[in-house]
Number of protein chains: 4
Amino acid sequence: MGRAHSNAWSQANKFFELPRPIALHTVAARDAEALVPFARRWGWAQATTDWRTLVDEHEVELVDVATSNDAHQAPALALLAAGKHVACEKPLAGTLADARTMRDAARKAKKRGLQTFVWFNYRRCPALALAWELVREGKLGRIHHVRATYLQSWGGPDTPLLWRFKKAAAGSGAHGDLNAHIVDLARFLTGDEIVEVHGAVARTFVTQRTIPGTKKKGRSDVDDAVLFLASFAGGAVASFEASRVASGRLNSNVIELNGAKGSLRFDFESMNELWFHDATLPPRTAGWRRIVATSTAGKHPYASNWWPDAHGLGYEHGFVNMAADIALALAGRKPVVPLPDFEDAYETQRVLEAALRSARERASVKLSDVR
Amino acid sequence: MGRAHSNAWSQANKFFELPRPIALHTVAARDAEALVPFARRWGWAQATTDWRTLVDEHEVELVDVATSNDAHQAPALALLAAGKHVACEKPLAGTLADARTMRDAARKAKKRGLQTFVWFNYRRCPALALAWELVREGKLGRIHHVRATYLQSWGGPDTPLLWRFKKAAAGSGAHGDLNAHIVDLARFLTGDEIVEVHGAVARTFVTQRTIPGTKKKGRSDVDDAVLFLASFAGGAVASFEASRVASGRLNSNVIELNGAKGSLRFDFESMNELWFHDATLPPRTAGWRRIVATSTAGKHPYASNWWPDAHGLGYEHGFVNMAADIALALAGRKPVVPLPDFEDAYETQRVLEAALRSARERASVKLSDVR
Amino acid sequence: MGRAHSNAWSQANKFFELPRPIALHTVAARDAEALVPFARRWGWAQATTDWRTLVDEHEVELVDVATSNDAHQAPALALLAAGKHVACEKPLAGTLADARTMRDAARKAKKRGLQTFVWFNYRRCPALALAWELVREGKLGRIHHVRATYLQSWGGPDTPLLWRFKKAAAGSGAHGDLNAHIVDLARFLTGDEIVEVHGAVARTFVTQRTIPGTKKKGRSDVDDAVLFLASFAGGAVASFEASRVASGRLNSNVIELNGAKGSLRFDFESMNELWFHDATLPPRTAGWRRIVATSTAGKHPYASNWWPDAHGLGYEHGFVNMAADIALALAGRKPVVPLPDFEDAYETQRVLEAALRSARERASVKLSDVR
Amino acid sequence: MGRAHSNAWSQANKFFELPRPIALHTVAARDAEALVPFARRWGWAQATTDWRTLVDEHEVELVDVATSNDAHQAPALALLAAGKHVACEKPLAGTLADARTMRDAARKAKKRGLQTFVWFNYRRCPALALAWELVREGKLGRIHHVRATYLQSWGGPDTPLLWRFKKAAAGSGAHGDLNAHIVDLARFLTGDEIVEVHGAVARTFVTQRTIPGTKKKGRSDVDDAVLFLASFAGGAVASFEASRVASGRLNSNVIELNGAKGSLRFDFESMNELWFHDATLPPRTAGWRRIVATSTAGKHPYASNWWPDAHGLGYEHGFVNMAADIALALAGRKPVVPLPDFEDAYETQRVLEAALRSARERASVKLSDVR
């Protein structure tokens, strides 16, 4: 993640007309040996093994926290208290309690003019930013269905017992990693909030994995897959599914919305395409339409910052687009599409928590009961 | 349905080498006026407005019951008692109680050599018959995921208050009509049984519809959409969704299975294709493979009965293939893929009932509690 | 082809409201042994091994000639002379000279009220009939490009030396078989005529094939592939390609038209889909649109004769639709889309001839020089 | 192009372990005003309005010529003479004569250890680099067919009379711009050379365009589309088509190869996918396979330099990958896939010339006659 973030801050200067240029001031990481070459390669002016030195660094306006989930809270609270804007990797925290503390701190800091951001990078994949615009314009009408799956397949029995497969270190498995993204996308696109989880199931298919460097097996105690059903305040029903053992699905972040007036569909494996069905057209020629979502002629979000019409962007561009939008936001300008802050990310975390609780209790869970 | 069934019985003689030819003896229907031209057009030798006359018709060996769901039970019981084989439209019955009575009758009749059949026609769509074979051969290994949706979009607010939208007449909405198909397919393909429903949500989006022939509105009280999560005895987790308001989805009967060794995917809107991912291949060239499933060179199920290599079949061919398989079964031969009988269809009905109960009770439901 | 035609005449009665029912009077074929069971199976009232008996059969109004290409001319001429309407398999004849004679005979017969038909069945594949309508309505504007390929792959080196691989018996290889279809489709869809062939190449990749029933090799002297470029009177440029050795392409009859206002694309391997791009829409949401072309709600051609909305048709339905259209035409009514007669098929044959001449002479060929 | 090249040189340092880091020494361009901010933004240490100053700049080892086609020759010759390595935008030159001079100069310079490069960037799109590897490994066997189209749609009648539409300035239209790419790709992938052009057609559909800044019309005299047929030394037949008026095709650089053992297909609009058909598999489960070509698990070319498994790359990555490969080549190491030099690009230019000559002469043209 350090590479993706460093690249984003650096490239934003080149491809966007920013109000103020972004300076890569200091990079902090624990591994002293790797730190210096990393800083040199990515253009960081300074490097430190102790993030706390950033607290008192007057020149630094924003700190980007890209540590593991359980280590977001401490720097975020300290830096907000020290008057820094804070960006944070997703999900907001390893636990709902941590997330709530961070949300509360962000609320207070906001009154002092500080902003927070969470790297839900897919919002700025151009096809999804376009989807957001189309929903805003009423192209879908009242939304009936949200159908979201984030499926991967690298978690088969041959994959060793990495830290990601141990609850103590990772918090959860596919759920926190992948469902976090699609819950954020569902909320982002619909602009609506989930009010109830109608059932959930979590499953660990591979319980024994080889301990790296040994021939012994150890126990994996995180979920390989979590599915849940939900409904939104506006009445839409939704399904969410995350898996690391969905054979054939490599990075299949798919979301579909069906509304009374139209539908949208996106698959990150074909990330430059957005599928749109306009149900207000006559049925004779209506059909799912493949929009190449990087069209300058189409005035697609972020398209003019990059290459000629329909020339294709990649994974990293979501991060660069977000870095540029953060720079806009810090200068008091409006980002192209809304930026998630801690408050927003806390709502996503509540949904994830409700799903886990529903799976555990084998019953529906109202979001009003999850705080 | 009368057309699809009549065509099936008639075409099976032409495209299959049957042990004995199928004779279209008598058609029964309530509408006396429409009956005679229907019988003439489709080649029925006789016609009657009273199905009870079939009970004593010695020449008739099999009766095909294609009435509305609530009217399956009476003829099925009477005809089995009279020593006829009985085929029945899906779902087996309008209520679980009816379905159970029919299952019990079929069990008894089986001892007397009588066979029952339920028209889950999609099993004999060539791509799905091929899918069944591939699962049998172990191409998927242990199955982790079943993901099934049957989405249509004709149920928008402009659609009038047809009988299908009234519970008294139709039993349920999308659930009995569409989820019935995909629950059967999931059971058929996996060869496994659902043991628990982990949550469900039913939704009526359009509650007021125009009463046909009037300008007044009346109340629609059936579901427009039902979603539920389930798990199989073998450990797979599954999601099912049926909708009549999924804008852009016309007849989108989609099922995907992910197993440890491979995956399969089918969409009825592209019914002659089966997508297969072989996870035992090296990752470098692995990928979803589009099998054109009507290949004679590929020895695909039913292909040799129809047209040259890869020349495409349609909706009706599932019915014709099934009629031919029924003829084989009555002659003591093995059908190409398993035929669902009342016993089998009753299991599907239990799952549908469990889903409704789960939605109502807002809790998980074990199948062992649904009888 | 006997099966496809017999099925078409029989099914047309069932699925269409015809002005007069079609009676299957007599089937003629050389193989006396196979003839009787064939006639019984497909419902022919009589059978004969000599087609000449049909000449004097007063009850017969139309004769359908489905013999090999070199054997079309003799019966067609005799039957037209005897006052029968004649339908003929495609291509019209084995040679341009034969085709011209048949065209001339059809012209004369037309004055006596006789009609001729050629089985270019793909015109009545619903998606292509819809494409025809959309072009007629001006949805494409001035057409710039026609891109047509008919690719198969059964002609690899393992395929034995069937009669199809010998010029004396088959006339040509992929060219007459496959390019005939796509040249007809290009002319049908555009409503325009080809005026020049700008170059062509014919290739026999597999020159030695095993003689069936032996271990010896014999020489294949027909083309495995023929490609040519052409231009239309209206200015469009076109490419055509037929191959039997295009590995991975099973029955890939693909045609795309690009016009100033829009584009259309069809692939027979996904025969129930038509892709449409409406270039008059704003670029922001423009894109190729997948129309499910068997929609009753969409009032798609032939859809109301078959199954519920978007339930999928197959290869044979083009034939049934054509049989019904012929019955309409004989009753003086207008077919759903234009029926190709001998005159029309002769124009296609001229294009095929021009392509062969261009390949031979290694130069452009004007159609005005091919008569 | 200046942006794409500058970005490439800069990013290569970050994402690749290069033998020596790339230093962005001097940027040269005619527009003095734009030059300084450009240099600052993209990290060039110096800027000049006269490329000739580079000739004597001892620190500069490589010069990258990204001017318009007619302005490649002069700097290339001067810089090679001055002992610099030279990279050049594609096509190599505006005329075959220029290209030949450059090729000759490169031959001579090679003896002095100088290398030349031409920016056929698509070779390093990961999916096409993977395609190259698969062909090399014999996965396709003897190649029968090459089918390549590069279709765009921005050249409609509303597009004004830019310099690109005037022959004097642009040399040619779609041909030099787009066919150049796909001829290079066809030669790169097959490793084979074209020996004959079997016919060609060039067409200008829009002859009158609005002169920018006026309401007057002026004449466009370049081709909007050029199609040609060709054959390779190894026997494969090929078709090429470039268009700027193919409505619905935005940046549709598509190439398909069919061989005796398998087939490959690529479409730049879905640039992270490679379609592969393995004809050595049993027909029962054979089919086109969608390989997500950015898989680290799959050890796909360049994948390990970028993001996690299957996370998607964009247009610019082909340039960055090429910059890195050039750096490898200058250090005497082997690039991941072959780099095109002037010699190689000259062969592509000969094919383009042969196509134009074939269109003009309305006859086949042997490549041995084009020097």
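The values are calculated or read from the model by the stated rules, or taken from the named source; none is laboratory data. A quick note: this is a predicted structure, and the numbers were derived from the prediction, not measured. Ideal geometry is used to build each Cβ from the backbone, glycine not excepted, and the neighbour counts take in all protein chains shown. Areas reflect the complete protein model, heavy atoms only, side chains present, ligands, DNA and RNA absent. Shrake-Rupley method; radii C 1.70, N 1.55, O 1.52, S 1.80 Å.
Among residues of segment B:320-344 that are closer than 19 Å to B:GLY113 by Cβ and open to solvent by less than 50 Å² (accessible area, probe 1.4 Å), those with a beta-carbon under 7 Å from a residue that is of a type in the set (Asp, Glu) and in a helix (DSSP H, G or I) at least six positions away or on a different chain give the pairs B:PRO335/B:ASP325; B:LEU339/B:ASP325; B:PRO340/B:ASP184. Among residues of segment B:110-147 being among the aliphatic types (A, V, I, L, M) and under 14 Å from the mean Cα position of the chain (by Cα), the one that is farthest from the other protein chains (Cβ to nearest Cβ) is B:VAL118. Please verify whether C:TRP288 is touching an Asp or Glu at 6+ places or on another chain (Cβ under 8 Å) and free of Cβ contacts under 8 Å to residues at least 60 places away in the same chain, treating the condition exactly as stated. Judged against the criteria, C:TRP288 is not a match. Of everything in segment C:276-307 that is over 18 Å from B:SER247 (Cα atoms) and not in a loop (DSSP other than H, G, I, E, B), the residue that is farthest from the other protein chains (Cβ to nearest Cβ) is C:SER304. Apart from one condition, B:ASP177 fits all of (1) farther than 30 Å from B:VAL292 by Cβ; (2) within 14 Å of another protein chain (Cβ to nearest Cβ); (3) modelled with pLDDT under 95; the exception is (1). Checked against (1) away from every other protein chain (no Cβ under 14 Å); (2) in contact with a Ser or Thr (Cβ under 7 Å, 6 or more places away or on another chain), A:LYS334 passes all but a single condition, namely (2).
Annotation: of all residues in segment D:40-53 being surrounded by fewer than 20 Cβ atoms within 10 Å (Cβ to Cβ) and of a type outside the set (D, E, K, R), the one that is farthest from A:SER10 (Cα to Cα) is D:THR53.
When segment A:103-158 is filtered for residues that are closer than 29 Å to A:SER6 by Cβ and hydroxyl-bearing (Ser, Thr, Tyr), the ones remaining, listed by number, are A:THR116, A:TYR122, A:TYR150, A:SER153. Checking each residue of segment A:254-263 against the condition of being more than 7 Å from every other protein chain (Cβ to nearest Cβ), more than 27 Å from B:PRO283 (Cα to Cα), open to solvent by 20 Å² or more (accessible area, probe 1.4 Å) and basic (Lys, Arg) gives at least one match. Does B:ALA106 fit the bill of being open to solvent by less than 20 Å² (accessible area, probe 1.4 Å) and in a loop (DSSP other than H, G, I, E, B)? Taking the combined requirement at face value, the residue does not satisfy it. Only a single item in (1) assigned to a helix (DSSP H, G or I); (2) farther than 29 Å from B:PHE205 by Cα; (3) among the aromatic types (Phe, Trp, Tyr) is not met by B:TYR122, and it is number (2).
A search for C-beta distances below 7 Å between a residue of segment C:355-371 that is crowded, with 16+ Cβ neighbours inside 10 Å and any residue that is among the basic types (Lys, Arg), counting only pairs 6+ apart in sequence or on different chains, returns C:ALA363/D:ARG362; C:SER364/D:ARG362; C:VAL365/C:ARG357; C:LEU367/C:ARG350; C:VAL370/C:ARG350; C:VAL370/C:ARG357.
Scanning segment D:188-242 for residues that are open to solvent by less than 20 Å² (accessible area, probe 1.4 Å), away from every other protein chain (no Cβ under 14 Å) and within 30 Å of D:GLY138 (Cβ to Cβ) returns D:PHE188, D:LEU189. Across segment D:121-149, the number of residues qualifying as more than 23 Å from C:ARG244 (Cβ to Cβ) and not polar (S, T, N, Q) comes to 15. Within segment B:56-78, count every residue that is within 20 Å of B:ILE326 (Cβ to Cβ) and among the polar types (S, T, N, Q). Total satisfying the criteria: 1.
Here A:LEU151 meets the list (1) more than 22 Å from D:VAL292 (Cα to Cα); (2) in contact with a strand residue (DSSP E or B) (Cβ under 7 Å, 6 or more places away or on another chain) almost entirely, failing just condition (1).
Checking the stated criteria, D:ARG147 turns out to be open to solvent by 20 Å² or more (accessible area, probe 1.4 Å), of a type outside the set (Ser, Thr, Tyr), at pLDDT 95 or above and closer than 18 Å to D:ASP267 by Cβ.
To keep it simple, each residue is scored yes or no on (1) in contact (Cβ under 8 Å) with a residue 40 or more places away in the chain; (2) more than 30 Å from A:ALA303 (Cα to Cα); (3) not aliphatic (A, V, I, L, M).
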{"residue": "A:ARG20", "(1), (2), (3)": "yes, no, yes"}
{"residue": "A:THR26", "(1), (2), (3)": "no, yes, yes"}
{"residue": "A:ALA29", "(1), (2), (3)": "no, yes, no"}
{"residue": "A:ALA32", "(1), (2), (3)": "no, yes, no"}
{"residue": "A:PRO37", "(1), (2), (3)": "no, yes, yes"}
{"residue": "A:GLU61", "(1), (2), (3)": "yes, no, yes"}
{"residue": "A:PRO75", "(1), (2), (3)": "no, yes, yes"}
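Each residue in segment D:1-28 was checked for being open to solvent by 40 Å² or more (accessible area, probe 1.4 Å) and either within 12 Å of another protein chain (Cβ to nearest Cβ) or modelled with pLDDT under 95 (or both), and 7 of them qualify.
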